[in-house]
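Undergrad: First the structure, then my questions, so here it is.
Please treat every number below as a calculation from the coordinates, not as lab data. Just so it is clear, the structure is predicted and the values come from calculations on it, not from any experiment. Every residue, glycine as well, gets a Cβ built from its backbone with ideal geometry; the counts of neighbours run over all protein chains shown.
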Amino acid sequence: MTEYVPTHDEALALFKELNQSEGLRKHAYAVEGVMRYMARKMGGDEEKWGIVGLVHDLDYGRFPDQHCQKSREILAERGWPEEYIRAIISHGWGICSDVEPQSNMEKVLYAIDELTGFITAVALIRPSKSLTDLEARSVMKKWKDKSFAAGVNRAVIEKGAAMLDTELTDLVTDVIMGMRQVASQIGLSGCAAL
C-alpha cells in the first residue's frame, strides 16, 4: 500500500479551513515561496517543501496555545506522512516543540519562518512597499535596530543560519529571492506604476 501524499490543493484547502486571518495566510504563502525556492537551490522536492511551508502554521489560527502540538494531531488524523508532520513540528523547536530540525527541509523551515516576517516588515516601510528593489543590506541595517520588528526572534533566525552553515546575509538574500516569487500573492509587489 502506498503512503498518502497530500496535494497542494488539499493542503491549501485544509490551511484555509483552519486559518481565516489574511495575515496568517500571507505568511504561509511567503514561507511556501521561500521553501520552494530553497528546495530548487538545495536539490529538495519542491512540491513537498512547498506544502510543508504552506501548512507549517496550520494550527496557529485556532489553537495558538497548542501551536505545533495540535498540527501533529490534525495531520496524523488525516494520514499525512510522518516526514511532513515532523518537519512542521520542528519549526517550533525550543519554543513550542522539542523536535530538533535534522533534515535540510526542517532546517530551512526553522531558519526562514521568522525571517519572512522580518523581511515583510522591512519591505512595508520602504517607499516602494515592494520586494523587487529590496536588498539584503537594507534588511541587515534594520536587523541591528532591536526596536524594529521587536517581536521577531532574531536568535532563532541566527541559530537556523548556523544550522544551515550559511552567513545570515546570504540567508536573507535567499529569503528575499524566494519571497519575490510570491510577491503579488503576499501584497509586496509594490505600488502600481503611474
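Undergrad: Checking the conditions here, which among Gly53, Gly44 is touching a residue at least 24 places away in the same chain (Cβ under 8 Å), surrounded by fewer than 21 Cβ atoms within 10 Å (Cβ to Cβ) and under 19 Å from Val5 (Cα atoms)? Let's see the steps before the verdict.
TA: Working: Gly53 fails: surrounded by fewer than 21 Cβ atoms within 10 Å (Cβ to Cβ).
None of the others qualify; the one that does is Gly44.
Undergrad: Residues of the range 129-148 being more than 17 Å from Gly187 (Cβ to Cβ) and either out of contact with any Lys or Arg (no Cβ under 8 Å at 6 or more places or on another chain) or assigned to a loop (DSSP other than H, G, I, E, B) (or both), which ones? Walk me through how you get there before you give the answer.
TA: So the first thing to find is which residues in the range 129-148 are more than 17 Å from Gly187 (Cβ to Cβ), and the list is 135-148.
Answer for the range 129-148, where residues must be more than 17 Å from Gly187 (Cβ to Cβ) and either out of contact with any Lys or Arg (no Cβ under 8 Å at 6 or more places or on another chain) or assigned to a loop (DSSP other than H, G, I, E, B) (or both): Glu135, Ala136, Arg137, Val139, Met140, Lys141, Lys142, Lys144, Asp145, Lys146, Ser147, Phe148.
Undergrad: Of all residues in the range 62-98, how many are touching a residue at least 24 places away in the same chain (Cβ under 8 Å), in a loop (DSSP other than H, G, I, E, B) and either out of contact with any strand residue (DSSP E or B) (no Cβ under 9 Å at 6 or more places or on another chain) or of a type in the set (Asp, Glu) (or both)?
TA: 9
Undergrad: Which condition number in (1) surrounded by fewer than 20 Cβ atoms within 10 Å (Cβ to Cβ); (2) touching a Phe, Trp or Tyr at 6+ places or on another chain (Cβ under 9 Å); (3) not aromatic (Phe, Trp, Tyr) is the one that His91 fails?
TA: (1)
Undergrad: Would you check which residues across the range 99-128 are in a helix (DSSP H, G or I), closer than 20 Å to Val156 by Cα and of a type in the set (A, V, I, L, M, F, W, C) and list them? Reasoning before the result, please.
TA: Going residue by residue through the range 99-128, those that are in a helix (DSSP H, G or I) are 104-125.
Imposing the further condition that a residue be closer than 20 Å to Val156 by Cα reduces the set to 104-122.
Selection gives Met105, Val108, Leu109, Ala111, Ile112, Leu115, Phe118, Ile119, Ala121, Val122.
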